[in-house]
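K.L.:
First the structure, which I've put down as structure tokens, then a few questions once you've had a look.
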């Protein structure tokens, strides 16, 4: 036992000497230390935990804005989220996940330039981070910096050829869908196993369906009668007064004569990303060849992009999609997507693909 104690003391003395030696060195081989003063707190861990709790609280704040059924966090909340995450990063400069989460908060805030700065900061400490290069390839392309986007794609090809191919596939998918003219009428009946996908629309506070949702259900009903063998996927799970869009839409269609056995309810999806992720398993289970998505004209391009990406993982392998738009605005005004719509398409495409926007517990969100 004395010999063991002597050995431990010797190790401690060696560590102490090494620490003193390192402290007197002027070369670059020094550890990164936090520059923020936190001595007034019990531990640094408590400070970081509280900052992340504050960020999660701001993110989950009930203050929201909603247009055409699309729900987004208030920009002011996103500034709070970003600031708290960056304060936490100042204390823990090895936590690059905090930078990625902060950058994505700026994407939600529609500030792609600020997000790019933060993703670049990730590369300054982790130059081979595959996710950071992926984000930068997308957002530099979105802001029109194609040369910078190509640079990150080239790095991706050397680091992870599969990821580079997937990013290119996302670009190609978005380009094809954006260039496809919107339509408000149904094409001729499709052959094979077909499905109709009706994306939800926010319920009224009392849990009743909005007139816009009923109008779109009437479109769904007409198409369901035109294609009597098609399955009908009704997706929407944001509860209002203990009711969900999926269940109310199903009851409405059954009352109008649609056989309930044709209907698949998704009462859990809280966003278009979850609409696609959850419903894609239903499409795979029934080996659907073609699905038609019905939603607002300002929403269908994003919906189709996400459903296509979700199907890459779940199948069916050769499934195809098209869309029918409820004209919330004149189609001529929506012929070219706005920057806001295109940002939403790319943001949610990455989320559906599997790149989580927020990855810093307790703020974790796909």
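K.L.:
Give the residues of the stretch 201-214 that are part of a helix (DSSP H, G or I) and farther than 20 Å from residue 260 by Cα, sorted by residue number. Lay out the reasoning, then the answer.
P.N.:
The first filter runs over the stretch 201-214 and keeps only residues part of a helix (DSSP H, G or I), leaving 211-214.
Selection gives 211, 212.
K.L.:
Moving to a separate point now. All but one of (1) out of contact with any helix residue (DSSP H, G or I) (no Cβ under 6 Å at 6 or more places or on another chain); (2) at pLDDT below 95 hold for residue 294; which doesn't?
P.N.:
(1)
K.L.:
Find the residue count for the stretch 214-243, including only residues that are under 19 Å from residue 296 (Cβ atoms) and touching a residue at least 40 places away in the same chain (Cβ under 8 Å).
P.N.:
Total satisfying the criteria: 8.
K.L.:
How about the stretch 240-279: which of its residues are farther than 30 Å from residue 312 by Cβ and either under 27 Å from the mean Cα position of the chain (by Cα) or crowded, with 20+ Cβ neighbours inside 10 Å (or both)?
P.N.:
Within the stretch 240-279, 240, 241, 242, 243, 248 qualify.
K.L.:
Could you count how many residues in the stretch 280-298 are buried (at least 24 other Cβ atoms within 10 Å of the Cβ) and touching a residue at least 60 places away in the same chain (Cβ under 8 Å)?
P.N.:
The number of residues fulfilling the criteria is 6.
K.L.:
For residues that are free of Cβ contacts under 8 Å to residues at least 60 places away in the same chain and buried (at least 21 other Cβ atoms within 10 Å of the Cβ), scanning just the stretch 306-318, find the one that is nearest to the chain's Cα centre (by Cα).
P.N.:
306
K.L.:
So, in the stretch 188-220, how many residues would count as being surrounded by fewer than 18 Cβ atoms within 10 Å (Cβ to Cβ) and over 16 Å from residue 319 (Cβ atoms)?
P.N.:
Looking only at that region, the number is 13.
K.L.:
If you go through the stretch 76-111, how many residues are touching a residue at least 40 places away in the same chain (Cβ under 8 Å), under 17 Å from residue 355 (Cα atoms) and within 15 Å of the chain's Cα centre (by Cα)?
P.N.:
So the answer is 6.
K.L.:
Can you tell me which residues in the stretch 163-185 are under 30 Å from residue 226 (Cβ atoms) and either in a helix (DSSP H, G or I) or in contact with a strand residue (DSSP E or B) (Cβ under 6 Å, 6 or more places away or on another chain) (or both)?
P.N.:
Step one: filter the stretch 163-185 for residues under 30 Å from residue 226 (Cβ atoms), giving 173-174, 176-185.
Listed by number, the residues that qualify are 173, 174, 176, 177, 178, 179, 182, 184.
K.L.:
Among the numbered conditions (1) without any contact (Cβ under 8 Å) to a residue 40 or more places away in the chain; (2) within 15 Å of residue 304 (Cβ to Cβ); (3) touching a helix residue (DSSP H, G or I) at 6+ places or on another chain (Cβ under 7 Å), tell me where residue 177 comes up short.
P.N.:
(1)
The values are calculated or read from the model by the stated rules, or taken from the named source; none is laboratory data. Predicted model, so just to flag it, every value in this text is computed and none were measured. Here the Cβ is made from the backbone with ideal geometry for all residues, glycine too, and neighbour counts use every protein chain on show.
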